[in-house]
């Protein structure tokens, strides 16, 4: 399970958003191309006053404002105010594309600008604060995961056998190695789950009844800091490189960081009025140039260029 073609990242953003709220995650759900943050008083046990250890029950507070603060807005208590949509419910909608540079975010709801809502014990997508002081040692944040399980995803994970196991989950870099992971479905032949992942390189493991293990069917793996193995998955996106004109050129070559600047790696061919080459690339930044009858040029149609530190300027393409 190494190469999976991904032709359009925008399509990914539209399809990986599920409209049905998972039983695992609370505080948000996906609808179309939006993430909908929803504050429902019934899902929170109490309030903590900002910069104090004072606890308060919801019935003791007259709520007139709810906002959301998190990694995504620098923990501002005022920027992302929510709209009241029911007696005890508030919502705020944001585009999924605004969260595509990270797969996990931490957030909390703040009431009346100074009371932080504390999630109940049965809410799984919560994590203890990574720093501690006298005020926050027993406080939890909510987790937002922008990768979800969907039958229409582009990455299928399968663990054969283990019919006697009571639980199997998938964890990895795409969920910040969360130990709860993605619950897998048991079938007659084993356990499976399908995710929709952006182009990129991912490491992952299965957790079977609490025991972490690499994918036995995937030979691509790397040693981790615990001296065990992580399985590796690469998601690719198809990219079309075009160079208009140059009808009289005898040879046009595409080269770049994705082939270690090999001068013969990717010969281009004519399609109409352009030289064309289609490649599958992993996520991230790639540098490239065209070689026209031995002469190196940047892409004249791409204004994004960077110096390489050695006196050269290269065209840049970002795969997200």
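Gyration tensor analysis over the Cα atoms of region 135-285 returns equivalent ellipsoid semi-axes of 41, 18, 16 Å (largest first, whole Å).
By DSSP, what percent of the beta bridges with both residues in the chain are antiparallel, rounded to the nearest 5?
95 percent
Among 224-230, 187-193, 277-283, the peptide with the highest mean count of other Cβ atoms within 10 Å heads the list, and the full ranking is 277-283, 187-193, 224-230. The convex hull drawn around the Cα atoms of the chain, when projected onto a plane and averaged over every direction, covers 21.8 nm². Each peptide among 60-73, 258-271 gets the average number of other Cβ atoms lying within 10 Å of its residues, and from highest to lowest they stand as 60-73, 258-271. Report the residue, chosen from 272, 200, 210, that carries the largest GNM mean-square fluctuation when the chain is represented by alpha-carbon nodes joined by springs under 10 Å. Its mean-square fluctuation being the largest, the pick is 272. Stokes-Einstein at 10 °C, 1.306 mPa s, Kirkwood radius from Cα pairs: D for region 203-304 in µm² s⁻¹? In µm²/s, the coefficient is 96.
In region 155-236, the inverse of the mean reciprocal separation of distinct Cα atoms equals 12.8 Å; this is its Kirkwood hydrodynamic radius.
In percent, how large is the relative contact order of region 155-236, given Cα pairs closer than 8 Å and 6 or more residues apart?
30 percent
By other beta-carbon atoms within 10 Å, ranking 108, 49 with the fewest at the front produces 49, 108. For the chain, the relative contact order comes to 14 percent (Cα pairs under 8 Å, sequence separation of at least 6).
FYI, it's all coordinate maths here, none of it is from the lab. Just so it is clear, the structure is predicted and the values come from calculations on it, not from any experiment. Neighbour counts run over all protein chains shown; Cβ positions are idealised from the backbone, glycine included.
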